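Have a look at the structure below, then the notes.
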């Protein structure tokens, strides 16, 4: 249903490096670049949802959406931990350390962070504990 998600950036180079770091463990890579735009996806999966960053085309400063968040699917709690660690090490900020949210038997495991521009993200997986 979702083709792609896009957030604004005020520093395409720095933001590109940030997302390169956190997408590597997921097997995602840059799939399209232009002077004001970078997109990532997983090529071998074919047409799947992708994520992109852009300098606003209207020339105004990029700002953060209040209540907006992009979530990235991870394959395991260990991958969630790795993505969160890489986000913090590469200029992101903490919005909630990795762990279960709600009943661990349900299995929603997530780590929340903001990118260098302040866009809120998380990495999550479903890993029910018995």
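May I ask you to verify whether residue 43 is out of contact with any helix residue (DSSP H, G or I) (no Cβ under 9 Å at 6 or more places or on another chain), touching a residue at least 12 places away in the same chain (Cβ under 8 Å) and surrounded by fewer than 17 Cβ atoms within 10 Å (Cβ to Cβ)? Judged against the criteria, residue 43 is a match.
Checked across the stretch 12-29, the condition of being over 14 Å from the mean Cα position of the chain (by Cα), surrounded by 12 or more Cβ atoms within 10 Å (Cβ to Cβ) and free of Cβ contacts under 8 Å to residues at least 60 places away in the same chain holds for at least one residue.
Conditions (1) at pLDDT 95 or above; (2) surrounded by fewer than 16 Cβ atoms within 10 Å (Cβ to Cβ); (3) touching a helix residue (DSSP H, G or I) at 6+ places or on another chain (Cβ under 7 Å), marked per residue:
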residue: 84; (1), (2), (3): yes, no, no
residue: 87; (1), (2), (3): yes, no, yes
residue: 107; (1), (2), (3): yes, no, no
residue: 115; (1), (2), (3): yes, no, yes
residue: 123; (1), (2), (3): yes, no, yes
residue: 130; (1), (2), (3): no, yes, no
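Loosely packed, with under 14 Cβ neighbours inside 10 Å, closer than 15 Å to residue 6 by Cα, at pLDDT below 95 and out of contact with any helix residue (DSSP H, G or I) (no Cβ under 7 Å at 6 or more places or on another chain): is that true of residue 68 in this structure? For residue 68, the condition - loosely packed, with under 14 Cβ neighbours inside 10 Å, closer than 15 Å to residue 6 by Cα, at pLDDT below 95 and out of contact with any helix residue (DSSP H, G or I) (no Cβ under 7 Å at 6 or more places or on another chain) - is met. Of the strands (runs of 3 or more DSSP E) that lie entirely inside the stretch 20-103, those containing 3 or more residues that are closer than 18 Å to residue 10 by Cα span 37-41, 50-54.
The values are calculated or read from the model by the stated rules, or taken from the named source; none is laboratory data. As the structure is a computational prediction, the values presented were derived from the model and not from experiment. In this analysis, Cβ positions are derived from the backbone assuming ideal geometry, glycine residues included, and neighbour counts consider all displayed protein chains.
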